[in-house]
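Worksheet: one structure, shown below.
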């Protein structure tokens with residue numbers, strides 16, 4: 001059913017972050033859809049009588065059984081094995097999210113790990129750690145209340161890196177740790193998923209998070225629904241969106257879990273001076289070290305080279321400046337202020353890391369903010 005020539009789409013919301021919803025809404029506006037947003041317990045009755053063109057929703061048994069889906073375009077963020085009607089599954093790449101978090105913690109020097117998660121995200125985190133030779137403690141199913149979570153947090157070794165299923169769980173864990181007198185991030189380092197800025201900045205200690213690109217996911221889901229409107233058959237395979245390659249770092253994980261005090265000094269120096277055009281030779285000389293000794297220090301404790309670490313620091317500076325909506329800096333100025341010798345060098349490193357030009361990345365980031 002088209003309303004005055006516009007596609008009619010129902011968007012059913014649960015516990016979805018605002019950025020994901022924004023992606024759907026903006027795609028809808030650009031394509032002149034008539035968008036109906038349903039939220040709350042009464043959406044089933046509206047869905048039963050919905051005579052529009054399509055639905056974007058999670059899939060549950062209740063949704064499955066409330067109506068016939070044979071002639072309705074459908075995109076879902078969640079899968080249900082018993083759901084036989086063709087629909088497009090579009091969601092975050094949960095396994096890749098877990099692996100990214102593991103890589104991040106390993107490069108921070110952590111060797112003790114835990115996961116407050118039971119999904120494919122936990123599997124990716126655990127598998128990446130096992131490949132590196134480390135084990136992972138997981139929360140048990142019965143841990144739901146903050147009291148039980150506080151008890152579990154107290155049993156974790158120090159210093160421990162904890163990966164959480166999402167930002168809400170990360171916020172609960174950070175609060176439980178703070179209430180238990182556990183120091184964050186020196187005793188407990190925490191990373192969530194979703195990069196919901198409101199949730200991440202709500203606790204007393206702001207939360208680092210995997211940017212699962214929810215705004216892009218919302219747009220992608222809407223695009224897949226649009227494909228069905230235009231007669232494109234629904235592919236059998238799910239469409240998984242990879243996370244942003246760099247974790248949004250905040251106070252909850254801004255710490256290096258290394259015992260070598262000299263290396264800690266080097267790391268802090270490199271972070272503080274990444275915007276300066278220093279070479280690895282300059283850094284080694286500053287600490288009266290040879291380049292080979294510096295290289296061995298990094299690889300032994302962090303598993304990466306000094307050059308890789310410095311590049312990551314500089315790319316973080318680039319991202320911070322690109323994401324600043326009040327800044328009108330040119331790409332050339334951003335490169336200069338991030339320690340890159342030329343804008344071309346920054347462009348090449350940025351594209352290799354993020355798969356997009358700095359200008360395109362800034363445009364998408366400002367759009368979802």
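No lab work stands behind these numbers, since they all come straight from the coordinates. Model, not experiment: these values are computed from the prediction. Every residue, glycine as well, gets a Cβ built from its backbone with ideal geometry; the counts of neighbours run over all protein chains shown.
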For this session: Write down the radius of gyration of segment 245-359 and its Dmax, each obtained from C-alpha positions, in Å.
Result: 14.7, 42
Exercise. What is the Cα centroid distance between segment 233-283 and segment 5-67, reported in whole angstrom?
Worked result: 37 Å
Seminar exercise, completed: For segment 50-132, the Cα-Cα pair-distance distribution in 5 Å bins from 0, as whole percents, is 3, 13, 20, 15, 10, 10, 10, 9, 6, 3, 1, 0
Exercise. How do 189-200, 295-306, 58-69 rank on mean C-beta neighbours within 10 Å, highest first?
Worked result: 189-200, 295-306, 58-69
Exercise. Full extension from residue 300 to residue 30: what is 0.36 nm times the residue separation minus their Cα-Cα distance, to one decimal in nm?
Worked result: 92.1 nm
Exercise. By per-residue mean of other Cβ atoms within 10 Å, what is the highest-first order of 130-139, 169-178?
Worked result: 169-178, 130-139
For this session: Within 10 Å, count the other beta carbons around each residue, average over each peptide in 96-104, 121-129, and list them highest first.
Result: 96-104, 121-129
Problem set entry | Linear extension gain, residue 60 paired with residue 158, 0.36 nm per residue minus alpha-carbon span | 31.3 nm
Exercise. Taking the Cα atoms only, what angle lies between the long axis of helix 343-354 and the longest principal axis of the chain, rounded to 10 degrees?
Worked result: 60 degrees
Seminar exercise, completed: Only helices counted: for the chain, with every DSSP H run of 4 or more residues adding -39500 (n - 2.57) and the sum spread over all residues, [θ] at 222 nm is -13500 deg cm²/dmol
Problem set entry | Gyration tensor over alpha-carbon atoms, segment 9-57, equivalent ellipsoid semi-axes in Å | 18, 15, 6
Exercise. Between the helical axis of 306-322 and the dominant principal axis of the chain, each derived from Cα atoms, what acute angle in degrees is found, rounded to the nearest 10?
Worked result: 50 degrees
For this session: Compute the length gained on full extension between residue 239 and residue 271: take 0.36 nm times their separation in residues and subtract their Cα-Cα distance, giving the result in nm to one decimal.
Result: 7.8 nm
